[in-house]
Amino acid sequence: MKLAIQGGNPIRETFLPYGHQWISEEEIHEVIKVLKSNWLTQGNKIKEFEEKVATYCGAKYAVAVSTGTAALHAACFAANIREKMEVITSPISFVASANCVLYQKGIPVFADIQKDTYHIDPKEIKKHITKYTKAIIPVHFTGQPCDIEEIHKIAKRYKLIIIEDAAHALGAKYKGEKIGSLSDMTIFSFHPVKHITTGEGGMILTNKKEFYERLLLFRTHGITKDPNRLNERKTLWYYDMQELGYNYRITDFQCALGIKQLDRLNEFVERRREIAKIYNHAFKDIEEIIIPYEKKEVVSSYHLYVILLRLERLTGNRKEIFEALRAENIGVNVHYIPIYYHSYYQKLGYERGICPNAEEYYERTLTLPLFPKMSDRDVRDVINAVKKVIKYYRK
Ligand SMILES: *Cc1c(COP(=O)(O)O)cnc(C)c1O
């Protein structure tokens, strides 16, 4: 079959994106109810959403914010990241995982990834610890939880705070326990491509009251009205700005959507895992592709399905294969460009070559479409397109 990029017929007529939300009529109705009410923001839907996610994940406290990025920023504030402090994270993540450290004037430090899981390697974390290290931001890349126990051991030994970037891992489990309550703080994102959506939105979960209170302050300009935190207690109108916070609030109509979406999370995760299984089965015997490595002790919530190309067995590079698949109308993607490759980080002085595994991974990675609303037909189209393109470029 002639490749679409060479003028042949594409595998599908319409473009299939790599991720997409799934919103029901009932959910739309819930949003409209809030729009007709008195409280568009700062009403009771926010609290309800927070409590529901906290209960689902087994965490004590939750703070909903405007985006996952705001959640990371708030967590860095709560962890007291300041000038000269170093925070270790993975280069294979979205830029927000490191930017949040810069927002607090701290220094992101990139530790290389493991070759099989593509997660930050605990051995590499250890190599980068200095007297300035204050925290670690492990990323549960693709939805598969990192080696949390190893990372906890390191954190305990060096007295570091752990902020899990679980934007990919809502609904995932580590040794039988839900992601969300295992570390000092865990953040989620509710962007439309993530497991559940509020349009834009994010949340921080914690079991520590001290973090919880700082997160609440940070979300609303650093302002408090809590009588226990004020000197002038008696006046009704008094409030005090005690820290430099932001307006990172989420709205009630967004939370109304989130509450209903959460009811379907398990279903969503199951469908994601089912599609991943079908892909695994279809690709396991294709020598030119490495399918995702699955650790025994975790349950991945499969935000992403990532394959690695064995370029030594192919006549085309990743760019050619990517473009050939796009021409077939398959919305392949790349997750991620190593964070320090971006020009802003280059200007800060981060050099190429500092994380060789991450850089090699980047040359070979491709993300295939994966979202719960995909039909079996969509899944078949992806498989057929991958087989068609790989066959053409096979050595
Ligand atoms: C999506 C994402 C974020 C940021 O979330 P937003 O809600 O888009 O701000 C942070 N980290 C990772 C790993 C993500 O995938």
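Coordinate-derived values only; no laboratory data. Worth saying up front: this structure is predicted, and the values here are computed from it rather than measured. In this analysis, Cβ positions are derived from the backbone assuming ideal geometry, glycine residues included, and neighbour counts consider all displayed protein chains.
In this structure the amide hydrogen of residue 331, modeled in the peptide plane, comes within under 5 Å of the amide hydrogens of 16, none closer than 5 places in sequence on its chain. Listing 90, 37, 183 from fewest to most neighbouring C-beta atoms within 10 Å gives 37, 183, 90.
Pair-distance distribution of the range 232-306: all C-alpha pairs, bin width 10 Å, starting at 0; shares per bin in whole percent are 14, 25, 20, 17, 13, 8, 3, 1. One compactness figure for the range 58-169 is 0.98, namely its Cα radius of gyration divided by 2.2 N^0.38 Å. Can you tell me the 0 to 90 degree angle between the C-alpha axis of helix 252-263 and the longest principal axis of the chain, rounded to 10? Helix 252-263 and the main axis of the chain meet at about 50 degrees. Sorted fewest first by neighbouring Cβ atoms within 10 angstrom, 293, 340 come out as 293, 340.
With K and R counted +1 and D and E -1, the other residues having a Cβ less than 9 Å from that of residue 16 yield a net charge of -1. A dipole drawn for the chain from +1 and -1 charges on Cβ atoms has a positive end, and of 103, 275, 68 the residue lying farthest that way is 103. Computed from Cα positions, the angle between helix 68-78 and the longest principal axis of the chain comes to roughly 40 degrees. Computed about the Cα centre, the dipole magnitude for the chain is approximately 440 debye when only Lys and Arg (+1) and Asp and Glu (-1) carry charge, each at its Cβ.
Note on residue 134: lysines with a C-alpha under 16 Å away, same-chain residues under 8 apart excluded, are 84, 105, 126, 153, 156, 159. For the range 264-395, the gyration tensor built on C-alpha atoms gives an oblate shape. Its axis ratio a/c (a ≥ b ≥ c) is at least 1.5, and a/b is not larger than b/c. Compared with the dominant principal axis of the Cα atoms in the chain, helix 25-35 is inclined by about 30°. The GNM of the chain, with springs linking C-alpha atoms under 10 angstrom apart, assigns the highest mean-square fluctuation among 271, 12, 157 to 157.
Dividing the radius of gyration of the alpha carbons in the range 319-395 by their Kirkwood radius gives 1.09 for Rg/Rh. Helices in the chain, meaning DSSP H runs of at least 4 residues, each add -39500 (n - 2.57). Divided by all residues, the mean residue ellipticity at 222 nm is -11500 deg cm²/dmol. Relative contact order of the chain, taken over Cα pairs closer than 8 Å and 6 or more residues apart, is 24 percent.
Looking at the chain alone, DSSP beta bridges between its own residues are antiparallel in about 65 percent of cases.
Beta bridges from DSSP with both residues in the range 49-180: antiparallel share about 20 percent, rounded to the nearest 5.
Between 61, 246, 279, the Gaussian network model of the chain with springs among Cα atoms under 10 angstrom shows the greatest mean-square fluctuation at 246. When restricted to Cα atoms, the chain yields an Rg and a Dmax of 22.0, 79 Å, respectively. Taking the chain as a Gaussian network, where each spring joins two C-alpha atoms under 10 Å apart, which residue of 258, 106, 222 fluctuates the most? Highest fluctuation of the listed residues: 222.
Counting every other Cβ atom within 10 Å of each residue's Cβ, 39, 237 order from fewest to most as 237, 39. Give the Debye-formula value of log10 I(q)/I(0) at each listed q (0.24, 0.31 Å⁻¹), with one equal scatterer per alpha carbon of the range 282-332, two decimals each. Each listed q maps to, in turn, -1.06, -1.25. State whether the range 96-142 is rounded, prolate or oblate according to the following rule on the C-alpha gyration tensor (a ≥ b ≥ c being the square roots of its eigenvalues): a/c under 1.5 gives rounded; otherwise a/b larger than b/c gives prolate, and the remaining case gives oblate. Oblate is the answer for the range 96-142, as a/c is 1.5 or above yet b/c matches or exceeds a/b.
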